[in-house]
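Engineer: Pasting a structure here, questions to come.
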Amino acid sequence: SFQNGPILEVGTNGLTHEVLLAILIDRMRGFQSGPYNCLENQLALNAMQQALDLFHARTQKRADRGVEGTHTV
């Protein structure tokens, strides 16, 4: 299940996008270090890492504005 609501308001109750991407990134790194290494996997890994970086940047901006962990846009 995915996280439903801001963690600071409702507590942890599921998986975040960031955690899901981290799991997929770890899995793809494993593929890339073995016999399943290929260009497509590397491109997918790069895209997932970029997505994770963007989510972290979004979180940092929300923290800087003092609205991280709330429903405030």
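Engineer: In region 37-51, what residues are open to solvent by less than 90 Å² (accessible area, probe 1.4 Å) and not polar (S, T, N, Q)?
Structural biologist: Those that are open to solvent by less than 90 Å² (accessible area, probe 1.4 Å) and not polar (S, T, N, Q): Cys38, Ala44, Leu45, Ala47, Met48, Ala51.
Engineer: Scan (1) part of a helix (DSSP H, G or I); (2) farther than 15 Å from Thr16 by Cα; (3) open to solvent by 100 Å² or more (accessible area, probe 1.4 Å) for the single condition Leu54 breaks and write down its number.
Structural biologist: Only one criterion in (1) part of a helix (DSSP H, G or I); (2) farther than 15 Å from Thr16 by Cα; (3) open to solvent by 100 Å² or more (accessible area, probe 1.4 Å) is unmet by Leu54, namely (2).
Engineer: Then there is this: Determine which member of the set Thr70, Thr59 is in a helix (DSSP H, G or I), surrounded by 11 or more Cβ atoms within 10 Å (Cβ to Cβ) and hydroxyl-bearing (Ser, Thr, Tyr).
Structural biologist: Only one candidate passes the filter, namely Thr59.
The values are calculated or read from the model by the stated rules, or taken from the named source; none is laboratory data. Just so you know, these numbers come straight off a predicted model, no measurement behind them. Every residue, glycine among them, receives a Cβ derived from its backbone with ideal geometry; neighbour counts consider all protein chains shown. Areas reflect the complete protein model, heavy atoms only, side chains present, ligands, DNA and RNA absent. Shrake-Rupley method; radii C 1.70, N 1.55, O 1.52, S 1.80 Å.
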